[in-house]
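J.: Quick one: the structure is below, questions incoming.
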Amino acid sequence: MKLPRGFYEQSTVEVAKQLLGNYLVRRHPDGDLIGRIVETEAYVGPHDLACHAARGRTKRTEVMFGPAGHAYVYFIYGFYHMLNFVTEAEDYPAAVLIRAVEPIDGVAAMKKRRRSDSLRDLASGPGKLCQAFAIDRSLNGIDLCGDTLWVAERGEAAPKIKSAKRVGVDYAGRWKDKRYRFFVRDSAFVSRG
DNA sequence: CAAGAGATCATCT
DNA sequence: GATGATCTCTTGA
C-alpha cells in the first residue's frame, strides 16, 4: 500500500514518472487529505543547473544529500512552499517536485485553506498544493515511510503520461529545455497544458 | 484570453 | 543586496 523507500531510490526520472496516478496522503489533525498525483518534475542531480543542489551542499539543500524517501520542503517568493521527494542514493542530491494533484479526500478542508470552491483550483500547482495540504517547512526532512506524509500505491494500471519542459527554470542554461516535467495525459488537474 | 506587475522573505553572495 | 522550481489580480484587446 505505502510506497517503500526502495521506490524512491530509483533514478529520479523513473520516480517522477511512476509517481503519477499514485495517491499523496497527508495525515492532519483536522482530517486526512488525499490527492491523486497528476504532475511532477525531476531535478536530477548536482550537474542539473535547475537543481538547487547544483550550487553545492548548503543548509537548504542538505536534505537532498540525505537518503531517499524524505520530503524536501522549501519556501519561495515570500509566499509559497514547494514539496519535493528526495530520490536516489545517499550523497547524490536529486528530488522530484510534486506539481499538482487531483483532490480526492478532505476536499472541504482544502477549499477552506485555499479560499476557493473550484475543485480544479485547489491543488493544480506546486504552491497551491502545499497550501491545500497544509504543507510548510515544519515538514522538511520528514520520512515518507512514516505516518504523517506518504504515497499510497494506486490500485489501477499506470495512467498514460506526457512530458514537457520544466517550468520557471530559464536560467538553467542547456538544462532548461530538458523534458523533465511529466503529467497525466487527460487530467483536468495539471497546472498547465 | 494574454501579458505584466506586485507581493514578501529565506537563502546565499 | 539580489533573487527565486509561484500565484493572483489587473489591464487591455
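Only the coordinates and a few stated rules stand behind these numbers; no lab work does. Here the structure is a predicted model, which is why all the values come from computation and not from measurement. For neighbour counting, all protein chains shown are included, and Cβ atoms are generated from backbone atoms with ideal geometry for every residue, glycine included.
J.: Distance between Cα centroids, segment A:148-169 to segment A:35-103: provide it in whole Å.
T.: Spelled out, the Cα-based centre of one part sits 14 Å from the other.
J.: Of all the stretches in chain A, which is the longest one without any exposed loop site, taking GluC sites (Glu not before Pro) in a DSSP loop (any state but H, G, I, E, B) with at most 13 other Cβ atoms within 10 Å?
T.: Value returned for the longest uninterrupted segment is A:1-89.
J.: I would also like to ask the following. Determine the calculated [θ] at 222 nm for chain A from helices alone, applying -39500 (n - 2.57) to every DSSP H run no shorter than 4 residues and normalising by the residue count; nearest 500 deg cm²/dmol.
T.: Working: 5 runs with 31 residues, N = 193.
Theoretical 222 nm ellipticity from helices: -3500 deg cm²/dmol.
J.: Only Cα pairs within less than 10 Å get springs; with that Gaussian network setup on chain A, which residue of A:Ile76, A:Ile142, A:Ile104 has the largest fluctuation?
T.: Answer for the Gaussian network model of chain A: A:Ile76.
J.: Right, next: Over the Cα atoms of segment A:5-184, what Rg and Dmax result, in angstrom?
T.: 15.2, 44
J.: OK, next. Suppose the chain between A:Arg192 and A:Phe75 were pulled fully straight at 0.36 nm per residue; how much longer would it get relative to their current alpha carbon spacing?
T.: 39.9 nm
J.: Lysine pairs in chain A 8 or more apart or on different chains: how many have alpha carbons under 16 angstrom apart?
T.: Pairs that pass both the separation and distance tests number 9.
J.: Would you please name the chymotrypsin sites (Phe, Trp or Tyr not before Pro) within segment A:146-193 that are DSSP coil residues with at most 15 other C-beta atoms within 10 Å of their C-beta?
T.: Here the chymotrypsin sites (Phe, Trp or Tyr not before Pro) that fit, given the DSSP loop and packing criteria, are A:Tyr171.
J.: Taking amide hydrogens as modeled 1.01 Å from N in the peptide plane, which residues meet the under 5 Å criterion relative to A:His28, leaving out close sequence neighbours?
T.: A:Leu33
J.: Another question about this same structure. May I ask you to list the trypsin sites (Lys or Arg not before Pro) in segment A:24-108 that are in a DSSP loop and have at most 10 other Cβ atoms within 10 Å of their Cβ?
T.: A:Lys59
J.: Here is a further query. When chain A is modelled as a GNM with alpha-carbon springs shorter than 10 Å, which of A:Cys51, A:Cys130, A:Cys145 fluctuates the most?
T.: A:Cys145
J.: Would you tally the net charge around A:Lys176, using a Cβ to Cβ cut-off of less than 13 Å, leaving A:Lys176 out, and scoring K and R as +1, D and E as -1?
T.: Taking every Cβ under 13 Å from that of A:Lys176, the sum is +2.
J.: Between A:Lys2 and A:Ala164, 0.36 nm times their residue separation minus their Cα-Cα distance comes to what?
T.: Stretched out fully, the A:Lys2 to A:Ala164 stretch lengthens by 55.5 nm.
J.: Subtracting the Cα-Cα distance from 0.36 nm times the residue separation, let me have the gained length for A:Ala54 to A:Gln10 in nm, one decimal.
T.: So the extension gain works out to 13.9 nm.
J.: Loop-only chymotrypsin sites (Phe, Trp or Tyr not before Pro) in segment A:18-120, please: DSSP not H, G, I, E or B, and at most 11 other Cβ atoms within 10 Å.
T.: Filter output for segment A:18-120: A:Tyr77, A:Phe79.
J.: Using a Gaussian network model of chain A with C-alpha springs under 10 Å, which one of A:His52, A:His28, A:His81 is most mobile by mean-square fluctuation?
T.: Most flexible of the set in this elastic network: A:His28.
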